[in-house]
1. Which condition number in (1) surrounded by 11 or more Cβ atoms within 10 Å (Cβ to Cβ); (2) on the phi < 0 side of the Ramachandran plot is the one that residue 78 fails?
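The values are calculated or read from the model by the stated rules, or taken from the named source; none is laboratory data. All figures in this text were calculated on a predicted structure; none of them were measured in a lab. Heads up, the Cβs are rebuilt from the backbone with ideal geometry, glycines too, and the neighbour counts pull from every protein chain shown.
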């Protein structure tokens with residue numbers, strides 16, 4: 001039996017802003033609310049570079065509007081983009 005190995009990577013990215021935490025006064029960051037925007041930018045940039053062999057969009061979680069632990073508002077359509085790179 002022949003087994004093949006594949007390198008698998010997972011990534012995320014986001015626009016954010018630095019600030020001091022309200023409870024700890026330690027440096028932290030505030031996320032931009034549209035978390036799908038950066039996902040789309042990264043996928044589009046990779047596709048335009050010619051590095052993408054195949055792309056697939058899946059519904060990963062339900063659409064959601066909420067707050068993270070730091071109290072920052074976010075919204076998402078809940079989709080993930082899976083890219084196969086050359």
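1. In the conditions (1) surrounded by 11 or more Cβ atoms within 10 Å (Cβ to Cβ); (2) on the phi < 0 side of the Ramachandran plot, residue 78 misses (2) alone.
Matching residues to (1) assigned to a loop (DSSP other than H, G, I, E, B); (2) touching a helix residue (DSSP H, G or I) at 6+ places or on another chain (Cβ under 6 Å); (3) at pLDDT below 90:
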position: 12; (1), (2), (3): yes, no, yes
position: 18; (1), (2), (3): no, no, yes
position: 23; (1), (2), (3): yes, no, yes
position: 28; (1), (2), (3): no, no, yes
position: 37; (1), (2), (3): no, no, no
position: 43; (1), (2), (3): no, no, no
position: 48; (1), (2), (3): no, no, no
position: 62; (1), (2), (3): yes, no, no
position: 81; (1), (2), (3): no, yes, no
